[in-house]
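Accompanying notes for the structure given below.
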Amino acid sequence: MAPRSYWKGYLKLSLVTCPVAMSPATSETEKVRFHTLNRATGNRVVSQYVDSVTGKPVKDENEAKGYARGENDYVILTDEDLNSVALDTVRTIDIQKFVPADSIGWTYLEKPHYLTPDDPVGLEAFSVIRDAMKASKVVGVSKLVVGRRERAVILEPRDEGIVLWTLRFGDEVRPEGAYFEGIDPDCEKDALPLVEKLIKQRTKHWSPAMVTDPIQQALLALIEKKKKKTLRPRKAGKSNKPEAAPASNVVNIMDALKKSVAAEKRAGR
């Protein structure tokens, strides 16, 4: 069952319009999360807004946005005020232009979302826009209000749906030239075939299992032990074995590569 969408609106291309729904393509719900507790009582600690002058708690209905125009002087904006300046992009993704699919650098991609048709009536229009972008090998460029901010977005056809990426603004992306200059562009030619062979031995099909979080797994194991109360104090002891001297960091690149290739071959990779 597909997760519930958190945004609904319209996808528009010239005179073609269809209702769509958008859902985040990533999730952090599986991460281990902690609550802050009072160690003395074991009770949860709660946070709340308090008036900076009176020190009294502020009720939810009394909270408001404020823009500082001077010291301790604010212009208060209500939800009605903020909604009154809403742009058309709050509810409509109007594709204004297209660019080649491979022309946008990965550093500009921020967060992916799944865009799907929200009404059977608009399914044909959605499919036509998706398939036309696939055939032309382009992505659509548009704008969308996310969290009261208008963000640039691209629409990338993917399988039967469309992936909408929010983009970072141009001044948020640092050019790589300042970081990569001074790096020697030439490599040792004799080492290149060995590295290529090593890469070939280690090349596999992509799997999400390649990017599991070892800290997450360790935390879950620790929590499980705590639940069962089977943690035992570690026995302190000293080893009589002499510590090995640290190995030198200076290695011959060709020797290291030859050993790596041989090791990969013995391991059957």
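The values are calculated or read from the model by the stated rules, or taken from the named source; none is laboratory data. Just so it is clear, the model here is predicted, and its values are computed rather than measured. Here Cβ is always computed from backbone atoms with ideal geometry, including for glycine, and neighbour counts include all displayed protein chains. Surface areas here come from the heavy atoms of the whole protein model, side chains and all, with no ligands, DNA or RNA. Shrake-Rupley method; radii C 1.70, N 1.55, O 1.52, S 1.80 Å.
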Exercise for the section: Check segment 47-57 and report whether any residue there is open to solvent by 50 Å² or more (accessible area, probe 1.4 Å), among the basic types (Lys, Arg), in a loop (DSSP other than H, G, I, E, B) and within 30 Å of Ser142 (Cβ to Cβ). Expected result: no
Problem - Pair list, Cβ under 7 Å, 6 or more apart: segment 106-121 residue surrounded by 13 or more Cβ atoms within 10 Å (Cβ to Cβ), other residue polar (S, T, N, Q) - result: Glu110/Thr166; Lys111/Thr166; Pro112/Thr26; His113/Ser23; Tyr114/Ser23
Handout entry: For Gly140: the one exception among (1) open to solvent by less than 40 Å² (accessible area, probe 1.4 Å); (2) within 16 Å of Trp7 (Cβ to Cβ)
Key = (2)
Completion exercise
For segment 159-198 the number of residues that are open to solvent by 100 Å² or more (accessible area, probe 1.4 Å) and hydrophobic (A, V, I, L, M, F, W, C) is 2
Handout entry: Every residue from segment 13-46 that is open to solvent by less than 70 Å² (accessible area, probe 1.4 Å) and either in contact with a helix residue (DSSP H, G or I) (Cβ under 6 Å, 6 or more places away or on another chain) or in a strand (DSSP E or B) (or both)
Key = Leu13, Val16, Cys18, Pro19, Val20, Ala21, Met22, Ser23, Pro24, Val32
Exercise for the section: Check whether at least one residue in segment 38-45 is among the hydrophobic types (A, V, I, L, M, F, W, C), more than 18 Å from Thr166 (Cβ to Cβ) and at pLDDT 85 or above, and report yes or no. Expected result: yes
Practice task
Could you tell me whether segment 78-93 includes any residue that is within 22 Å of Arg151 (Cα to Cα) and part of a strand (DSSP E or B)?
Solution key: yes
Exercise for the section: Give segment 58-76 a look and list any residue that's among the charged types (D, E, K, R) and assigned to a strand (DSSP E or B), or say none. Expected result: Lys65, Arg69, Asp73
Exercise for the section: Could you please find all residues in segment 200-210 being open to solvent by less than 100 Å² (accessible area, probe 1.4 Å) and in a helix (DSSP H, G or I)? Expected result: Gln201, Pro208, Ala209
